[in-house]
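Taking it in order: structure first as structure tokens, then the write-up.
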Amino acid sequence: MKQLHWPIGAKLTAIILSVSGVALLAGLTVFTLIQMREARVALENSAMAQARLMALYAEVPLQFNDPKAIVDILSRTELPSLKQATVFDRDNKVYASYQRIEQKLTAIPDIRTIVAAGGMVVDSKSLQIVQAIEHEHEHFGYLYLNVSLDQLQREVSQRFWLMSGVAAALLFLSWILGQLLQKTISRPILRLTALARRIGETQDYSARASFKGDDEIASLSRSFNLMLDAIHERELARDHAEDALRESKKNLESAVQELQYLANYDSLTELPNRALCMDRIANAVFRAAREQRKAAVVFLDLDHFKEINDSLGHAVGDELLKAASRRLQSCIRRGDTLARLGGDEFLIVLEDLNEELNVVSVMQKIIDAFAHPFHFGGYTVTTTVSIGTCTYPQDGTDVQTLMRNADAAMYKAKELGRNTYQYYQPEMNALSLRRLSLVNDLRDAQHNGQLLLHFQPQIDSDSCRIIGVEALIRWQHPTLGPISPVEFIPVAETSGMIVNIGLWVINSAAVQLAQWRKQGYDKLRMAINLSAVQFRQHDLPEQISSVMQRFHIPHECIELEITESMLMRDVEGAIVMMKRLKSMGFRLAIDDFGTGYSSLNYLRKFPLDALKVDRSFVDEVTTDAEDTAITLAILSMAKNLRLTVIAEGVETREQFHFLVENGCDEVQGYLFSPPLPAEQLTQLLLTELPLKFSSTLVAN
Amino acid sequence: MVSACIYSRRVWRWPLLLLLCFTLFSPSLNASEAPTDPVIMRAVWLERFTRYIDWPGGSRVADANTPFTLCVWGDDNFAKTVHDLYQQQTIKDKTVLVSQRTDIAQLQDCDLLYLSSVKTADLRALLDKVRGQPTLLVSAQAGNAELGVHINMYEEQGYQRFEINIDDVKSSGLVIRSRLLQVARIIHHAGPS
């Protein structure tokens, strides 16, 4: 069934008209029926009353046989619709009759049937009444009335049409009222509909429906507004969520970019890191192979960076790395790659090489760039670079090989005294392999008794007597022979084995000193070198104290040697550690004094007992004016601070005399004795006491 | 316009009907039946007049223990007819005593006095005698009503009619109902009463 798509206003009007129409029709019908019934009843009552009255009046004329009088009575009836009036005598014979001339003459019925019917018979056309004419139970006859219903029906019909007109007018009024009423209902609903449509089109959920009153439409509008509030809040929440999601996505993308950057770049220098560097080398190799060209891998390392970092701190070290990277960047072409591999190691990838001279010029340029000191944070730092290089394809055709060979060349440069560059030679790989094997062998050396302590005497300048010894570690490799501490200590430090080795040194030195003390050398002093890693151990004082107590060695017999760089890394921490050691009675000395960057102000704060002048000053103390001046300054400062001064590396009489004349308290060097195994030093202690040092000195 | 149509019996049938009345119905004449003979009709009408006339309280008619005295002056035949007619009938629910009178001095107990064949001079004397007493005076002689008879029957166009002297009825203390007046000719007393 097809559905009507009427506007709500038309529907309301139709409903109102339908209801009104049905009600009016029903009312009209009922009214008409009631009217008809009432009119008929009224007519019946009226006719009956007339009949009774006429019968009453006809009674006397009938008794006194006066038909004329009866006709007169009948003719004076007040029933306008009377068609016929007839009086029957007691024999039911017509006695007198009267008929309206305009009424159609009807046949006179058998009145007995009417009497049998109760005195009244009504059909669609007429009303027939028979009334007995009696007096005191004496029957005289009957009065018969025939009343037409035409007039009644006409009147009812007229009233019907009148009421129909009124109903039509009322219907029209209903239509007008319907139009007005439906506007009061449909207009707010239509406004709501338009608002809903507009919101749907514009997605503007801030709009609200206006309403008056407190009826259902107002309630609907209120509910609609509440719904819009909820949607608006949800929209805002969604917008916020989308913003947050967008922001989160942005942050994520940024984080991913940062991660990608961190994965490929060094955060300090913003240079490509090892991973990206390897990728760049691979690309360079690929392009060089395709274009039949050469490429070079340049490995470089800042000389003495570790000392600078340890002595001046990480902040200075980081600044140095950044400044170094800028200088390196200035030395290469735009298309070349400069990467930081880690620590102070950098790598340069040079492409489109036609002549080796190109690489040489770059390396020389770098050497020259580092000839000038760096200035930052009030410090002036001088550093050089050691450079190793190899070329594709003759020194390697893959990334790993090229990097390893360049690294080997750089180590060669370092071995050659640093601040220089080296081309890769095939034999250089042997050195790299040696370093690798040293790391592996060192792990077993301690347990296999390959590590030894040698002791170098420390001589009192005035008495030329041995007043102490410095314990120096030695490694007797089963196949490689003696290995210098200069070579294996850095290996121990980088591999983390230095802690155990350091403890072993303390323990071994204590064992040996205890033996010497048993032999009567109870004044002998043992100098032990501490590594930077050991010095950072919080329980170092307790560890050393425990060892010494185990061997009944007084703490003042132990002199702990610390390098300048160890102190300068964390001055306050170093002071605390030194004070703890000092409070236990240990002697404290600064090793290699003069090579670092110690401040005199700090020097005053350290609870020191001695300074050891570095051998580099002693070497040329008698020949180089600058070294002479530095040594004199150190001696003077030590005196002012009431510190004992020990000169290392004293190898000639001139050096010894100069030092003695300028107030150096103690000396140590080959002039008196090289580092010796314990047994030999014991012999020296037994045989040379107390004066033979002087003769040896004289003899040399 | 109204037209009247009267159904009347044919004149030629009267002798036959009269004969029938005498032969068949006379012995059992009933006042409630429709009379056809003028004499009988007059006798019958006497009772019918009483239906619409009320006697004053305190009169004999008002007394339930006394019969209704119907007096007939003169005319023995009419007296007999009345006597026969009302032997079994009642007037005003009372038994009827029909009495023929000839003495003017003996009229005090008459409730209804039918004057038949009375000379005018006698009539005047008689009327004077009963004047003021509650006796209904009925006659069937032209001019009697004007003289003082209360109800006087007469014939008109073949129909029996009656006239009522309303003045004398009033003076006698009787009350005639309007319905009776409706079909009667109203007569007023002629000259001083």
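Quick look at the numbers
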read-out	value
Ranked list, fewest to most other Cβ atoms within 10 Å of each Cβ, for B:41, A:637, A:568	A:637, B:41, A:568
Ranked A:305, A:455, A:31, criterion: other C-beta atoms within 10 Å, fewest first	A:31, A:305, A:455
Length gained when the stretch residue A:570-residue A:318 is fully extended (0.36 nm per residue, less Cα-Cα span)	89.1 nm
Within region A:620-684: Cβ-based charge dipole about Cα centre, in debye rounded to nearest 20 (Lys, Arg +1; Asp, Glu -1)	300
Region A:517-620: chymotrypsin sites (Phe, Trp or Tyr not before Pro) in DSSP coil with no more than 13 other Cβ atoms inside 10 Å	none
Per residue, the convex hull volume that the Cα atoms of the protein assembly as shown enclose (Å³)	463
Scattering curve values for region A:478-541, log₁₀ I(q)/I(0), Debye with Cα scatterers, q = 0.16, 0.29 Å⁻¹	-0.68, -1.20
At most 12 other Cβ within 10 Å, DSSP loop - GluC sites (Glu not before Pro), region A:1-89	A:78
Residue-averaged beta-carbon neighbours from other chains (10 angstrom radius) around A:68-74	4
Among B:99, B:188, B:147 the positive-end extreme of the charge dipole of region B:99-193 (Cβ point charges)	B:188
Calculated FRET efficiency for the pair residue A:657/residue A:416, C-beta based, R₀ 45 Å, to 0.05	0.80
Prolate/oblate/rounded label for region A:314-430 (Cα gyration tensor, a/c 1.5)	prolate
Positive dipole terminus of chain A, leading residue within A:240, A:111, A:259 (C-beta point charges)	A:111
Cα centre as origin, Lys/Arg/Asp/Glu Cβ charges: chain A dipole, Debye	3240
Antiparallel DSSP beta bridges within the protein assembly as shown, percent to nearest 5	65
Rg(Cα)/(2.2 N^0.38 Å) for region A:509-657, N = residue count	1.10
Enclosed volume per residue, in Å³, of the convex hull spanned by Cα atoms of region A:194-292	154
Listed residues B:65, B:178, B:126: farthest to the positive end of the dipole of region B:62-189 (Cβ charges)	B:178
Dipole magnitude of region A:201-305, debye to nearest 20 (Cβ charges: Lys/Arg +1, Asp/Glu -1, about Cα centre)	840
Inter-chain Cβ neighbour average for residues B:147-159, partner chain, 10 Å	1
Packing-based exposure ordering (other Cβ within 10 Å, fewest first) of A:316, B:149	A:316, B:149
Restricting region A:39-102 to trypsin sites (Lys or Arg not before Pro) in coil, as DSSP defines it, with at most 13 other Cβ within 10 Å	A:76, A:93
Surface/4 estimate of mean projected area, convex hull on alpha-carbon atoms of region A:13-172, nm²	11.0
Neighbourhood net charge (14 Å Cβ-Cβ; Lys/Arg +1, Asp/Glu -1) for residue A:193	+4
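Read-outs throughout are calculated quantities, based only on the coordinates presented, and are distinct from any laboratory measurement. Here the structure is a predicted model, which means the values were calculated and not measured. All Cβ positions, glycine included, derive from the backbone under ideal geometry; neighbour counts span all protein chains shown.
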